[in-house]
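> Below is one structure. I have some questions about it.
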Amino acid sequence: MFQYLSEITDVLWGTPLTILMIGVGLYLSIRTKFFQFTGFTTIYRLTVNEMFGRNKKTDDDHAKHSGMLKPFQALSTVLAGTIGSGNIAGVAAAIAVGGPGAVFWMWIIAFVGMITKMAEVTLALAFRKKGTDGEFYGGPMHYMRKGLSKGGKTLAAIYSVALLIYVITDACFIQVHTLAETTQRVFRVPLLIAGAVTVLVAIVIIVGGTKRIGEFCGKMVPPMCVLYIVGAIAVIIANASEISHAFQMIFKYAFAPTPAVGGFLGATTSLAIGQGAARGIFSNEAGIGTASTVHATSKTDHPAHQGMYGILEVFIDTIIVCTLTALAILTSGVWTGGESGVNLTISAFETAWGSQGIIVLGIAIILFTFSSYLGFFVEYRTCIETIFGEKAVKYLQWFFFIPPMLAVTMQVEEVWTMADMAIGFIVIPNMIAIVMLSNKFIAYFKEYKQILAGNTAERMPWGE
């Protein structure tokens, strides 16, 4: 069974799917004149300044509009998921399988994926809806169904089913599996007990609704990010003499096979590309649309404004945190030891921090993965609402707490293969929808630029 899943995943993450992701990102980048680079100061002013309370005008504008989460809370909820497993365990898994060259392809996916994610978030806000329960629902399945006249409902159905599989695989398996492995490795807590406690605490928070999830993640993510970044930098500094060699390996093995060394079995160039693309997308979620279901619940003055947070997410997630994780693993030399996933990252941190520092890292990983598990519930209930109807959410939400107990008994390779396969099936319908709705995204993008320039002309309608 596992071998069969691996073969399907290899086909999905071959060169064609990577070309599709990069191609769509480049297409949108060209149409926006590479806004992820040329609009850096605007993005910074309307996201980072806003997060730290230095943009009172936009804060007041957001308060006037409907939604459940503040933009910063939506950002934190999404980052909790991507940094939790995508950067700490995902980057390690990519290097363990694809070699150092996989990191280069993560960067490529991130640079073009920034604008793809902005498009996803913008469209999610434009086509979102408010349910009878007062909750907001949005994301790819909604902009497919409402924005595409032909084939939209079919694409939405395919996407919703694939996303449901992915959410269960990622949230209920990968996040909880990473949490349980870390708890066992650092604190010697049995896997089943770690899984049970995770579920019980999650139930207490999730029953409070989306707003409580956002509040929890908004408080937990910033200090966890700082803690993890400081820890990774310390590892890199401790192995500073190996930094240049690490970059040399990243660029060299992005275009050449990585030879077997120590416990590393070697990797072909195509494997490096596939692992880099798969883990890069898994890390920043650009192209799969999952994060947009969370952003769709935001209070914002314009869809394109919230879309800028999508660009910021990819930058923080991959360009900063992913790179730090990769350099910590490569400079410490542990990547040739045969370990994978979160255990490989922990081993890298042990080279500089020792056993005491690992306790702090363990706590950070546990909080990240737990926050991620909570955040994925927003995507889960959006899938349920789309497939089974709004009334089914209050009943089927309880299934979200069952798979974690199975996850803690599985091998890490099996868990990641399941997630990679699910992402492959999600990407294709979402890329089709993004291209078909690109004119709509560009219209919102240009309109918001006019608003920033002081033009108060009549605005296009969106899901306020």
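> Work out, step by step, the length gained on full extension between Ile451 and Val48: first 0.36 nm times the residue separation, then minus their alpha carbon distance; give nm to one decimal.
Stretched fully, the Ile451-Val48 segment lengthens by 143.1 nm.
> If the cut-off is 28 Å between C-alpha atoms, which lysines fall inside it for Lys33, apart from same-chain ones fewer than 8 positions away?
Correct list for Lys33: Lys57, Lys117, Lys146, Lys299, Lys440, Lys446, Lys449.
> Once you put a point 7 Å from the Cα of Ile229 and another 7 Å from the Cα of Val207, both along the Cβ direction, what distance in nm separates them?
Using points 7 Å along Cα→Cβ, the separation is 3.7 nm.
> Could you please state how large a percent of the accessible area of the range 158-289 is carbon and sulfur, counting protein chains only and using a 1.4 Å probe?
Of all accessible area on the range 158-289, carbon and sulfur atoms account for 72 percent.
> Please compute the per residue accessible area over the range 116-243 with all protein chains in place, 1.4 Å probe, rounded to a whole number of Å².
39 Å²
> If you take every residue apart from Gly307 with its C-beta less than 10 Å away from the C-beta of Gly307, what net charge results, scoring Lys and Arg +1 and Asp and Glu -1?
Charge balance near Gly307 sits at 0.
> Quote the FRET efficiency, to the nearest 0.05, computed for Ala240 versus Ile402 with a Förster distance R0 of 51 Å and r equal to the Cβ-Cβ distance.
0.65
> Still on this structure, I have one more. Tell me which residues come under 5 Å, amide H to amide H, from Gly463 once H is placed; ignore anything under 5 positions away on its chain.
HN-HN under 5 Å from Gly463: Ala126, Phe127, Arg128.
> So what are the ³J(HN,Hα) numbers for the range 243-250, from phi and the Karplus equation (6.51, -1.76, 1.60; θ = phi - 60°), rounded to whole Hz, Gly and Pro as x?
Calculated HN-Hα couplings, in order: 4, 4, 5, 4, 5, 4, 5, 4 Hz.
> In nm, to one decimal, how far is the Met410 label point from the Ala392 one, both placed 7 Å along Cα→Cβ?
2.2 nm
> Could you state the accessible area per residue of the range 346-438 in Å², with a 1.4 Å probe and every protein chain left in place?
Spelled out: the 1.4 Å probe surface of the range 346-438, per residue, equals 37 Å².
> Here's a follow-up. Which net charge results for the neighbourhood of Ile346, defined as the other residues with beta-carbon distances under 10 angstrom from its beta-carbon, given Lys and Arg at +1 and Asp and Glu at -1?
My count for the surroundings of Ile346 gives -2.
> Check which residues have an amide H placed less than 5 Å from Leu69's amide H, if you skip close sequence neighbours.
It is Ser298, Lys299, by chain and number.
> Using the Karplus curve 6.51 cos²θ - 1.76 cosθ + 1.60 with θ = phi - 60°, work out ³J(HN,Hα) for each residue of the range 102-112 in order, rounded to whole Hz, and write x for Gly and Pro.
Computed from phi, the couplings for the range 102-112 are 4, 4, 4, 6, 4, 4, 4, 4, 5, 4, 7 Hz.
> Per residue of the range 278-294, what does 6.51 cos²θ - 1.76 cosθ + 1.60 with θ = phi - 60° give for ³J(HN,Hα)? Whole Hz please, x for Gly and Pro, Karplus curve as stated.
Result, ordered by residue: 4, 6, x, 5, 4, 5, 9, 6, 6, x, 9, x, 4, 5, 5, 5, 7 Hz.
> Could you check the simple spin-label distance between Ile30 and Ile442, using points 7 Å along Cα→Cβ, in nm with one decimal?
Label-label distance for Ile30 and Ile442, simple model: 1.1 nm.
> A follow-up question, please. If amide H atoms are built 1.01 Å from N in the plane of the peptide, which residues on other chains or at least 5 residues away come under 5 Å of the amide H of Phe264?
Gly338
The values are calculated or read from the model by the stated rules, or taken from the named source; none is laboratory data. All values reported here derive from a predicted model rather than from experimental measurement. Backbone-built Cβ (ideal geometry, glycine too); neighbour counts: all protein chains shown. Only protein heavy atoms, including side chains, enter the accessible area calculation; ligands, DNA and RNA are left aside. Shrake-Rupley method; radii C 1.70, N 1.55, O 1.52, S 1.80 Å.
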